[in-house]
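Below you'll find the structure, written out as structure tokens, and then a few comments.
Read the figures in this text as sums done on the coordinates, not as results from a lab. Please read all numbers here as calculations on a predicted model, not as lab measurements. Here the Cβ is made from the backbone with ideal geometry for all residues, glycine too, and neighbour counts use every protein chain on show.
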Amino acid sequence: MFKKCALAFLFCFLAATAQGAVRVITATEDLAWLAGVVAGELAVVESLSAGDQDLHMVEPRPSMVVKLKKADMIIKVGLDLDMWMDSLIAASRNSKIIYGAPGYVDASVGLELLQVPKGKVDSSMGDLHIYGNPHYWLDPVNARTTTNNIVGGLCRISPGNCAIFKEKREQFLKELDKKLLEWERKLEPFRGSPVVTYHNSWVYFAKRYGLELIGNVEPKPGLPPTPSHIAKLIETMKKNNVKAIMMETYFSRQGPKSIAQKTGARVLVVPSSIGGLPQIKSFFDLFDYIADTLAGALGKKEG
């Protein structure tokens, strides 16, 4: 049922516009999809970034400012991951979506954050986020909190439809609970399995499903791997019999492929967001793909 609007986007867009729907601009495709699910035809939702894009590298464009000028509500990932959006909001001069306004939503509010740095933080530590690791949407359970934040914003800007937003969220949560059980069953046999990732973006997913992250291809977040780091990582992988290297679709595969050849691990190129691959059109598609790909790699018998 959640794919219907995606299959008939133009119809939904025109219908929503005709009904005077609220305009929602999000930082990511994931937030756009979730907002679309809980708002239905009562909102026109658009993401400023694409699902196959590194969120650290989004380039602000004048066309984005135009979209924000017309927005009734914005939804940010938060935790400084989408700081590029702040300058766009300021340039739009739209008082409805500035920090503290009814139309400003930070989807991270209320989450249990991981890897919140302690002590002094400086550039030598790489692309470190001072409020905690921002890749929280990769734990699908966190969609409960993010959709609650989204509904809160929708109710502030369109109070007359608040009951509808809440009901649609409840419908989504029922479907989510079913899928959570399915993903848990699929990945349960691999709890404790050692995994390497390219970027430090899978900590929430790993905690949810009991994976042991023993290293990243990047020596520090956002920094390219050095020969010495790669050598140490290969040694660690051999020692721990690592079978999988997880990486997003937008990173170079050259380094991971070289590591895989020397360790026997498989490189798993997986989307981290909706739209990361052409066939990933929903939140459920995303985690179906990740779970299936990972289970296939970890469950493959050697030899």
Exercise. Mind listing the long-range amide H neighbours of Gly215? Cut-off is under 5 Å, sequence gap 5 or more, other chains count too, H placed in the peptide plane at 1.01 Å from N.
Key: Thr197
Practice problem: Report the calculated FRET efficiency for Tyr99 and Tyr131 (r = Cβ-Cβ distance, R0 = 25 Å), to the nearest 0.05. | Solution: 0.95
Quiz item: Where a Cα-Cα gap under 15 Å defines reach, which aspartates and glutamates qualify for Lys69, not counting those fewer than 8 residues away within the same chain?
Solution: Glu46, Asp86
Exercise. For segment 154-212, evaluate the Debye formula with one uniform point scatterer on each Cα (no solvent term) and list log10 I(q)/I(0) at q = 0.13, 0.16, 0.19, 0.24 Å⁻¹, rounded to two decimals.
Key: -0.56, -0.68, -0.76, -0.92
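Cross-link list Lys166/Lys220; Lys168/Lys220; Lys67/Lys166; Lys174/Lys257: which exceed 30 angstrom alpha carbon to alpha carbon?
With Cα atoms farther than 30 Å apart: Lys166/Lys220; Lys168/Lys220; Lys174/Lys257.
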Exercise. Return the distance in nm (one decimal) between the two label points of a simple spin-label model at Ser252 and Ala91, each offset 7 Å from Cα along Cα→Cβ.
Key: 2.9
Quiz item: Distance in nm between label sites at Lys207 and Ala231, each 7 Å beyond Cα in the beta-carbon direction?
Solution: 3.5
Quiz item: Gap in Å between the Cα centre of segment 217-244 and the Cα centre of segment 24-85?
Solution: 34
Self-check item: Equivalent ellipsoid semi-axes, segment 51-198, via Cα gyration tensor eigenvalues times 5, rooted, Å
Solution: 28, 25, 13
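For the peptides 104-113, 201-210, what is the packing order when you average, over each peptide's residues, the other Cβ atoms within 10 Å and list the highest mean first?
Values: 104-113: 18.3, 201-210: 20.3.
The densest-packed peptide leads the list: 201-210, 104-113.
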Practice problem: In Å and from the alpha-carbon atoms only, list the Rg and Dmax of segment 183-298. | Solution: 13.6, 40
